[in-house]
1. I'm told residue 92 meets every condition in (1) of a type outside the set (Asp, Glu); (2) under 17 Å from residue 22 (Cα atoms); (3) in contact (Cβ under 8 Å) with a residue 12 or more places away in the chain except one. Can you identify the failing condition by its number?
2. Provide a single number: the residues in segment 1-47 that are under 19 Å from residue 100 (Cα atoms), in contact (Cβ under 8 Å) with a residue 24 or more places away in the chain and among the charged types (D, E, K, R).
3. Hey, among 39, 51, 68, which residue is closer than 24 Å to residue 12 by Cα, hydrophobic (A, V, I, L, M, F, W, C) and at pLDDT 95 or above?
4. Of all residues in segment 14-36, which are of a type in the set (Gly, Ala, Ser) and touching a strand residue (DSSP E or B) at 6+ places or on another chain (Cβ under 9 Å)?
5. Please list, ordered by first then second residue, the pairs with beta carbon atoms under 7 Å, 6 or more apart or interchain, first in segment 101-115 and touching a residue at least 40 places away in the same chain (Cβ under 8 Å), second charged (D, E, K, R).
Amino acid sequence: MAIKITEECINCGACEPECPNNAIYEGGVEWAISDGTTVKGSYQLMDGSSVEAGQRFAPISVDTYFIVPNKCTECQGFHEEPQCAAVCPVDCCVPDEMYRETVEELLSKKERLHI
């Protein structure tokens, strides 16, 4: 499953540079699938819809850092554990129960993001 950042976030920013998929954004910042990935053209999201990789989306959170579930792979294929959770000083990077994925699905997402 994807990782989420809870409201306990203190906005320290330690997590953002650790994400190999560039799935973490500062509160209030627009995001795109193509940010920090090799994706170009159309990309299928977890809900089955397709978007253009460079399309900008509204921030998921305005007040705290946030993780884009469609880009989060829990660091599968990069590290043994989610790096955001490993560096978070307040333990606010936790599994997002809304997005359950198997290791195989996470690895497949990683391959689609980094062709």
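The values are calculated or read from the model by the stated rules, or taken from the named source; none is laboratory data. Quick caveat, the model's predicted, so the values are computed rather than measured. Virtual Cβ from ideal backbone geometry, glycine too; neighbours counted across all protein chains shown.
1. (2)
2. 1
3. That would be 68, the only listed residue that is closer than 24 Å to residue 12 by Cα, hydrophobic (A, V, I, L, M, F, W, C) and at pLDDT 95 or above.
4. Selection gives 23, 27, 32, 34.
5. Filtered contacts from segment 101-115: 113/71.
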